[in-house]
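K.L.:
Attaching a single structure in structure tokens format; questions to follow.
The values are calculated or read from the model by the stated rules, or taken from the named source; none is laboratory data. Note that the structure is predicted; figures quoted are calculated from it, not measured. Here Cβ is always computed from backbone atoms with ideal geometry, including for glycine, and neighbour counts include all displayed protein chains.
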Amino acid sequence: MESLQESNPSAEFSLRQLSRPSVVPLWIFKGVLYYLSFIGPALLIFWARHWSIAALLAAAIMGYAFSGFVFLSLLILIKRLLIGPVQPTGWTTLESENGKRWCFAGLLTFIMIESCFRTMTSFISPLSTFYHKGMGGKIDGPLLLVMGARISDPWLVELGANVLVGSDAVILGHIGDGDRVFLGRVVIGEETVVGMRSVIFPDVRIGRNVRIGAGSVVVRGTMIPDGETWAGVPARRLHSKTLAAPAMSNAS
């Protein structure tokens, strides 16, 4: 059963299951977050409503950027002050203390992904590293997430400098199975490229200067040495060094 789940990207535990009203009044919580994020810029624009159109447009753009910074900062503060650290405990139940922490931390990730500020945590945005480190990730340098890529459990991820994650790729720190969840750390070395639409499951270690081919699935428990190229479902080492360059190009 577990091997089938790990070879199928749809095995990602759906955070939408955690957004039921019986768990958290999510719509109220999100409303408060948006209110606190937008209230300052909204009041400024209202006060400056007699400015020229160009000035108002500039104020609106700056206000949006400021609101995004406040929104992400609130998520970070909630994770750090109210939820606390989530440990890579392996299999655990959602009723355990660590399981509950993961549930609520996962809700924050769900809120960010569904928000209008998601683009601020990807591509070349300076807030990308700020957000992922703030949520508990260990990131040694610049991080580049191409549009659509996401790190579902940043608190369980360690990334070296200059890691590139291709479009629509997913890095998971969890696997769901009914009322159980597996929580494991993902370690990726510097200068590594994760190809587009790849899936990295928890409890995975990837070395430096590694190339993961597009559409690959790196299953739980995999350890990839430095400088190798892996691809496939599940991912396997490719012997030909000439495939490293195409793997890098597939990241975009």
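K.L.:
Residue check, residue 143 against (1) at pLDDT 90 or above; (2) buried (at least 20 other Cβ atoms within 10 Å of the Cβ), all met but one. Which one?
P.N.:
(1)
K.L.:
Here are the criteria: (1) out of contact with any helix residue (DSSP H, G or I) (no Cβ under 6 Å at 6 or more places or on another chain); (2) farther than 30 Å from residue 158 by Cα. Tell me which single one residue 78 does not satisfy.
P.N.:
The failed condition is (2).
K.L.:
Could you tell me whether residue 69 is more than 23 Å from residue 42 (Cα to Cα), touching a helix residue (DSSP H, G or I) at 6+ places or on another chain (Cβ under 7 Å) and not polar (S, T, N, Q)?
P.N.:
no
K.L.:
While we're on this one: Being closer than 26 Å to residue 174 by Cα, at pLDDT below 55 and in a loop (DSSP other than H, G, I, E, B) is the filter here; which residues of segment 230-252 pass it?
P.N.:
Listed by number, the residues that qualify are 250, 251, 252.
K.L.:
I've got another one for you. Out of the residues in segment 63-91 that are surrounded by fewer than 19 Cβ atoms within 10 Å (Cβ to Cβ) and touching a strand residue (DSSP E or B) at 6+ places or on another chain (Cβ under 8 Å), which is nearest to residue 28 (Cα to Cα)?
P.N.:
The residue in question is 87.
K.L.:
Looking at segment 178-205, which of the residues that are among the aliphatic types (A, V, I, L, M) and touching a Ser or Thr at 6+ places or on another chain (Cβ under 6 Å) is nearest to residue 154 (Cα to Cα)?
P.N.:
183
K.L.:
Any idea which residue in segment 17-42 is surrounded by the most Cβ atoms within 10 Å (Cβ to Cβ), counting only those that are modelled with pLDDT under 75, in contact with a helix residue (DSSP H, G or I) (Cβ under 8 Å, 6 or more places away or on another chain) and not in a loop (DSSP other than H, G, I, E, B)?
P.N.:
The extreme case among them is 19.
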